[in-house]
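The values are calculated or read from the model by the stated rules, or taken from the named source; none is laboratory data. On a predicted model such as this, the values are computed, not experimentally measured, just so you know. Every residue, glycine among them, receives a Cβ derived from its backbone with ideal geometry; neighbour counts consider all protein chains shown. Protein only, heavy atoms only, side chains kept; ligands, DNA and RNA dropped before computing areas. Shrake-Rupley method; radii C 1.70, N 1.55, O 1.52, S 1.80 Å.
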Amino acid sequence: MRLFVRTVETESFSRAGKAESVSQSTVSKEVAALEAHLGSLLIRRSSRGLSVTEKGQEFYDFATGMLGDLEAAEARIRSGELSARGRLRVTCSPVFSNRLISPRLPALFARHPDLTIDLEVSERYVSLIEDGVDVAIRIGDLPDSSLLARQIGCVEAAVVASPAYLAEYGTPASPDDLAHHKCLPFTFQGNSKTWKFKTSEGPIAIMPFGPLRTNDPESVHAAVLAGMGLAQGPNWMFAGDIEAGRLVSVLEDYRPRLYPIQAVSSTTRRMTGAIKVFVDFVAGLLKDEPNLRMR
């Protein structure tokens with residue numbers, strides 16, 4: 001039943017196998033055995049790929065609910081309420097992993113010794129279904145409403161520069177002044193991300209240009225500390241440097257709205273014990289961070 005559900009969601013025997021850590025042939029055989037047991041074709045095979053039949057869609061709707069209830073029941077029985085055990089597949093950005101989550105994991109494992117975590121560290125938006133991920137920590141609004149999301153914090157964007165850079169090139173007074181400055185764009189999937197600002201006329205977005213583009217936030221951080229230019233990024237990443245005087249926050253009157261930090265899971269997985277424990281753990285970490293807590 002799990003393999004059938006995953007096949008419908010990924011529209012591929014091979015991707016379903018990858019998500020469930022079994023071979024493509026195993027998925028194909030199990031789905032065929034399920035069809036034989038039910039006496040009905042559930043998935044239509046053709047040279048163009050796979051598609052679900054009307055009977056298959058009906059069984060899929062039933063199966064997803066049943067599997068979700070089964071996972072919840074298993075979790076309750078194991079611990080009397082919610083159990084954090086087994087392998088949990090998690091994805092988050094490198095900055096979140098390196099600075100926030102990974103250093104605190106010993107405390108989580110001490111409380112839940114039967115829990116193991118596969119941590120996929122990447123800036124790309126990993127597909128929860130196709131890649132078999134249980135929970136993702138993401139910043140910003142979600143384009144896909146089919147996912148379950150719980151807001152666990154928020155982050156504010158800041159534009160920063162080193163005192164040496166500002167002494168040489170001056171301090172921008174408005175976003176328009178950035179056209180005359182060296183800016184350090186962060187790239188996502190090969191494209192520079194725009195810098196967003198709030199003005200009296202409404203929100204605006206500016207495309208930054210400068211001597212360095214990188215998809216690594218830590219490299220942006222290192223470059224701005226070296227006086228290479230201005231950078232926009234999450235305020236919490238620069239907070240320690242601002243407090244120590246190594247960086248200066250500019251254009252504070254133009255900061256955009258707060259971005260939500262969300263824990264995201266697939267609707268087919270529901271909130272199992274391990275997912276809930278991990279999400280509560282990360283939410284607790286954010287609550288202790290002044291620049292990341294809900295406000």
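For the chain, set up a Gaussian network in which alpha carbons nearer than 10 Å are linked by springs, and say which option among VAL31, VAL248, VAL22 fluctuates the most. Judging by the Gaussian network model, the answer is VAL22.
Accessible surface ranking for ASP61, ASP216, 1.4 angstrom probe, highest first: ASP61, ASP216.
For the pair THR194 and MET294, the difference between a 0.36 nm per residue extended length and the Cα-Cα distance amounts to 33.5 nm. Note that region 102-116 has calculated 3J(HN,Hα) couplings of 4, x, 9, 4, x, 5, 5, 5, 5, 7, 9, x, 8, 9, 10 Hz, one per residue in order, obtained from phi through the Karplus relation 6.51 cos²θ - 1.76 cosθ + 1.60 (θ = phi - 60°); glycine and proline are x.
Our helix-only sum for the chain, with -39,500 (n - 2.57) per DSSP H run of n ≥ 4 divided by its residues, gives a mean residue ellipticity at 222 nm of -11000 deg cm²/dmol.
Candidates LEU34, SER21, VAL52 compared by Cα position along the dipole of region 1-70: farthest toward the positive end lies SER21, with charges placed on Cβ. Solvent-accessible surface of region 120-245, averaged per residue with a 1.4 angstrom probe and all protein chains in place: 49 square angstrom.
Which one, [x] 58; [y] 63; [z] 50, gives percent of Cα pairs over 23 Å apart as derived from the coordinates shown? Calculated percent of Cα pairs over 23 Å apart: the matching label is [y]. For a quick check of your reading of the filter: which GluC sites (Glu not before Pro) in region 143-248 sit in a DSSP loop and have no more than 13 other Cβ atoms within 10 Å? Hits after loop and neighbour filter: GLU201. Taking the DSSP beta bridges with both ends in the chain, the antiparallel portion is around 75 percent. The angle between the Cα long axis of helix 273-287 and the longest principal axis of the Cα atoms of the chain comes to about 10 degrees, rounded to the nearest 10.
Using a Gaussian network model of the chain in which every pair of alpha carbons under 10 angstrom is joined by a spring, one finds that among SER266, SER200, SER192 the greatest mean-square fluctuation is at SER200. Projected label points at ARG2 and LEU258, each 7 Å from Cα along the beta carbon direction, are separated by 3.8 nanometres. Legend: calculated FRET efficiency, SER249 to VAL121, from the Cβ-Cβ distance at R0 = 30 Å, rounded to 0.05, equals 0.60. Placing dummy labels 7 Å off each Cα toward the beta-carbon, the span from THR187 to ASP61 is 4.6 nm.
Once the Cα-Cα distance is subtracted from the 0.36 nm per residue extended length, the GLU168 to ASP216 segment shows a gain of 14.7 nm. Compared with the dominant Cα axis of the chain, that is its longest principal axis, helix 235-244 is turned about 30°. Taking all protein chains as they are arranged and a probe of 1.4 Å, the heavy atoms of LYS276 leave approximately 80 Å² accessible to solvent. Split the accessible area of the chain by element, probe 1.4 Å, and carbon with sulfur accounts for 51%. The gain in end-to-end length when the ALA179 to SER51 segment is fully stretched comes to 41.0 nm, 0.36 nm per residue minus the alpha carbon separation.
Summing Cβ point charges (Lys, Arg +1; Asp, Glu -1) relative to the Cα centre of the chain gives a dipole of roughly 460 debye. Per residue, the convex hull spanned by the alpha carbons of region 199-295 comes to 163 Å³.
3J(HN,Hα) along region 124-130, derived from phi through the Karplus expression 6.51 cos²θ - 1.76 cosθ + 1.60 where θ = phi - 60°, amounts to 6, 7, 5, 6, 4, 6, 5 Hz, with x in place of Gly and Pro.
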